[in-house]
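Below is one structure, written out as structure tokens, with a few remarks after it.
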Amino acid sequence: MIFFAITPFILQTLVYPFTWVSLSFFAKIRILGKENIRGHKHGVIFAVNHASELDPILIPATLDPFSRLMPMFYLARESAFYEKSGLAKYIYGGLFFKIWGAYPVTVGTRGDYEHALRHHIKILERGKSICIFPEGGKTKNGEIGEGKPGVAYLLWRTGRPVIPVAIRGHYQMSAHRFLTRKHSITVSYGAPITKEELFGARADAISPTREELKVATQVIMSRIREMYEGI
């Protein structure tokens, strides 16, 4: 566990100069709302819309690699989900995912978020940041879909605020269109969403129901959607 807690910092720091220069030149990347990610003494939960396999790289690439919010850890599906062959199985849900900082969500737990998200709860409690794509997968039509309640549970369980993040401009972006500078990508960081804002003053005394978690997730997704439409 110690090894895989160190490797994300090493890897994400090493690739930062290359990714930032590449994104600045080829994608003409623009960052909004950086004032919303300053001043946090502990890790936060970045809730991001998901339109491209580039998304896990975009977040650390648009943050200061030496900030308190780095390195970034992620929620990933279990390895069995990635029906790939050859080298790809080590990338999608395999060794590379783990050294990059992606830990799998345990499936088949029937709403037992405490068990399903146990790795990510520990990461947040240790003061590290989590990046989560609440939709659970990439958008198929370019629109932001409904979110899964896990993001709201992490906020309630750990008390770490959610930073809503909207990314726009890279849907269906091919390598050719990237290299020929056909896309302009914008990453917008929103104001933190707190536990009290979503669950009220008595949030510590009463565990939220599944329905309350769904409603809280809808608030988070509506914030992301509103930011996306405003870009």
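The values are calculated or read from the model by the stated rules, or taken from the named source; none is laboratory data. In this text, all values refer to a predicted model and were calculated from it rather than measured experimentally. Heads up, the Cβs are rebuilt from the backbone with ideal geometry, glycines too, and the neighbour counts pull from every protein chain shown. Ligands, DNA and RNA are stripped out before the accessible areas are found, and what is left, the full protein with its side chains, is counted by its heavy atoms. Shrake-Rupley method; radii C 1.70, N 1.55, O 1.52, S 1.80 Å.
The table for this structure:
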| quantity | calculated |
| --- | --- |
| Convex hull volume per residue in cubic angstrom - Cα atoms of the chain | 129 Å³ |
| The chain: DSSP helices with Cα axial extent of at least 15 Å and average Kyte-Doolittle hydropathy no lower than -0.5 | 2-26 |
| Against the rule of thumb 2.2 N^0.38 Å, how large the Cα Rg of the range 131-231 comes out | 1.24 |
| Surface accessible to a 1.4 Å probe, per residue, for the residues of the chain, Å² | 52 Å² |
| 9 Å beta-carbon shell around E135, net charge (K/R +1, D/E -1) | +1 |
| Heavy-atom accessible surface of the chain: percent carbon and sulfur, 1.4 Å | 57 percent |
| Neighbour count of at most 10 Cβ within 10 Å plus DSSP loop: longest trypsin sites (Lys or Arg not before Pro)-free window in the chain | 42-109 |
